[in-house]
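These notes are about the structure you will find just below.
The values are calculated or read from the model by the stated rules, or taken from the named source; none is laboratory data. Just so you know, these numbers come straight off a predicted model, no measurement behind them. Cβ: placed from backbone, ideal geometry, glycine included. Neighbour counts: every protein chain shown.
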Amino acid sequence: MSALAVGIGAVVAVGAAGAVALALPVGLGALVTFLFTGAGNALNDVYDREGDRVNHPDRPIPSGQVSPQRAFDLALALFLGAIAVSLFINMAAFGLVLLSLVLMVAYEERFKASGWSGNLLIGWLVGSLFLFAGLCVSDGRARPLQVAASLALLAGLSTVGREIVKDIEDVAGDVGRTTLPKQRGIPFALRAAQAFVVLAVALSALPVVVGILGAWYVALVAAADAVFLYAAVEASRSAAASERAMKLAMAIALLAFLAGSL
């Protein structure tokens, strides 16, 4: 899904013809994000293995399918692959990959266990997928980066809401983490998650207002917004169902970005 986001971000930033003309850096960018996301997920499984024994016992490490060391080795190999491939795009893209790696490790080592800061950091990392797409195709132009930044804002806000809901879902099994629901209580965390989702929905009109996306975006983003709002309401009843609904809403939003740019 992250690789797809880079392809869509490139099309939105410079148009379909522009993205085709820059197929090599776009393809390399999609590969970088594919590798980097896989590495981040593997690293997350290593750090979360104790909590996963309670919250997600079927995952590879707690179920005994993979050892923590092998998962760490996989994460390291994938991170190195992402860094190496990014060198063939441009130095700005390479720099963003290095920054993202530092932030990912900082998240696992410190910020994941610090409530708000961890949620905001993941929101930045997800939003930066679109900034990365803009860097792959900008060729020194400001406009593609401005477009990418607007998509990054929407993706980042909705991701923060989803991350807080995930923390609510996992609160029983979290070990050694002071997540927002543990820090301020589930009712406060629920309101915070809903606020971020509602803000993302409210700002979803931004690409139309500034003339970035067209009519098809309006139609599809309305569907995504409806699912997001449903997820915000559902969070008070079932965090797991809400989190799944947000995943669906994000997929619809990606399609809305793509359709609106054509």
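Some observations on this one:
- Residues being farther than 17 Å from residue 262 by Cα, of a type outside the set (Ser, Thr, Tyr) and either part of a loop (DSSP other than H, G, I, E, B) or in contact with a Gly (Cβ under 9 Å, 6 or more places away or on another chain) (or both) - total across the stretch 198-241: 9
- Where residue 112 falls short, out of the listed (1) over 17 Å from the mean Cα position of the chain (by Cα); (2) of a type in the set (Lys, Arg); (3) modelled with pLDDT under 90: (1)
- The residue list 165, 208 contains one member that is farther than 19 Å from residue 133 by Cβ, touching a Ser or Thr at 6+ places or on another chain (Cβ under 6 Å) and β-branched (Val, Ile, Thr), which is 165.
- Checking every residue in the stretch 181-188 against the condition of being at pLDDT 90 or above and not β-branched (Val, Ile, Thr) gives at least one match.
- Checking residue 219 against (1) farther than 26 Å from residue 150 by Cα; (2) loosely packed, with under 14 Cβ neighbours inside 10 Å, the condition it does not meet: (1)
- Only one entry in 211, 185 is farther than 30 Å from residue 16 by Cα, free of Cβ contacts under 8 Å to residues at least 12 places away in the same chain, surrounded by fewer than 16 Cβ atoms within 10 Å (Cβ to Cβ) and more than 21 Å from the chain's Cα centre (by Cα), namely 185.
- Pairs where the first residue, in the stretch 56-76, is modelled with pLDDT of 95 or more and the second is exposed (fewer than 13 other Cβ atoms within 10 Å of the Cβ) and among the basic types (Lys, Arg), C-beta under 6 Å, 6+ apart: none
- Within the stretch 110-137, considering residues that are free of Cβ contacts under 8 Å to residues at least 40 places away in the same chain and of a type outside the set (A, V, I, L, M, F, W, C), the one farthest from residue 15 (Cα to Cα): 110
- Residue within the stretch 140-152 that is of a type outside the set (D, E, K, R), outside any helix (DSSP H, G or I), under 30 Å from residue 241 (Cβ atoms) and modelled with pLDDT under 85 present: no
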